[in-house]
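Q: My questions all concern the structure below.
The values are calculated or read from the model by the stated rules, or taken from the named source; none is laboratory data. Treat the numbers as computed from the prediction; the structure is a model and nothing was measured. Neighbour counts run over all protein chains shown; Cβ positions are idealised from the backbone, glycine included.
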Amino acid sequence: MAVNNLPLFSGKPSVQWNTTALTTANTGYDGTGAGSQLIFAADATYGSYIDRILVQPLGTLSATTIRIFLNDGNGTAASNFTLMYQLEVPAYTSSNTDAMADLVIVPEDGQIPPGSKLYATTTVAQAAGLQVTVIGGHYIKNAS
């Protein structure tokens, strides 16, 4: 059996998020349509690793479900997406003295193929919206 003498390491930290709050309802299970927002783009050469996905309210929320989709990087048709994670988000009244509990998705195996992307949707329209932040890293090849 051949030995991998140039292993990949998560060498470049990467923190990415949706640049516009998730506010538009999207009840689909295919990753397409209004409200589907890019939250993470993997390294094009070696891929990336996802450590965790954080969901934070940007104000008062209605109860909803956040869906996270993996996109293969080859287009935005339904056939390019697969549903990876769902997270139930409770209703929340915005407060400066009572923080909402952290909502975190911790992937069991967070490897993301080269050139692929993560998208997020909310199933219920939100006035203030949600921020989805992905914390991970891009793989690099060991040069030695």
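Q: Going through 115, 73, 59 one at a time, which residue ends up being in contact with a Pro (Cβ under 9 Å, 6 or more places away or on another chain), on the phi > 0 side of the Ramachandran plot and outside any strand (DSSP E or B)?
A: Just a single option satisfies the conditions, and that option is 73.
Q: A further question on this structure: Here is a check on your reading of the model: is residue 133 modelled with pLDDT of 95 or more and out of contact with any Cys (no Cβ under 6 Å at 6 or more places or on another chain)?
A: yes
Q: Give all pairs with beta carbons closer than 7 Å in which a residue from segment 42-54 that is free of Cβ contacts under 8 Å to residues at least 24 places away in the same chain meets a residue that is hydrophobic (A, V, I, L, M, F, W, C); count only pairs at least 6 apart in sequence or on separate chains.
A: none
Q: Being part of a strand (DSSP E or B) and free of Cβ contacts under 8 Å to residues at least 60 places away in the same chain is true for just one of 131, 86. Which residue is that?
A: The unique qualifying residue is 86.
Q: Can we say residue 62 is free of Cβ contacts under 8 Å to residues at least 12 places away in the same chain, more than 21 Å from residue 13 (Cβ to Cβ) and either polar (S, T, N, Q) or surrounded by 15 or more Cβ atoms within 10 Å (Cβ to Cβ) (or both)? It would help to see each step written out before you state the result.
A: Working: free of Cβ contacts under 8 Å to residues at least 12 places away in the same chain: no; more than 21 Å from residue 13 (Cβ to Cβ): yes; either polar (S, T, N, Q) or surrounded by 15 or more Cβ atoms within 10 Å (Cβ to Cβ) (or both): yes.
No; evaluated as a whole, the condition is false for this residue.
Q: Oh, and also: Taking residue 28 as the residue in question, decide whether it is part of a loop (DSSP other than H, G, I, E, B), of a type outside the set (Phe, Trp, Tyr) and at pLDDT 95 or above.
A: Numbers: part of a loop (DSSP other than H, G, I, E, B): yes; of a type outside the set (Phe, Trp, Tyr): yes; at pLDDT 95 or above: yes.
Taking the combined requirement at face value, the residue satisfies it.
Q: From the list 119, 85, exactly one residue is crowded, with 20+ Cβ neighbours inside 10 Å, aromatic (Phe, Trp, Tyr) and more than 15 Å from residue 14 (Cα to Cα). Which is it?
A: Criteria check complete, one pass: 119.
Q: Would you mind finding the one in 71, 80 that is under 26 Å from residue 44 (Cα atoms), buried (at least 16 other Cβ atoms within 10 Å of the Cβ), in contact with a helix residue (DSSP H, G or I) (Cβ under 7 Å, 6 or more places away or on another chain) and at pLDDT 95 or above?
A: So the residue among 71, 80 that is under 26 Å from residue 44 (Cα atoms), buried (at least 16 other Cβ atoms within 10 Å of the Cβ), in contact with a helix residue (DSSP H, G or I) (Cβ under 7 Å, 6 or more places away or on another chain) and at pLDDT 95 or above is 71.
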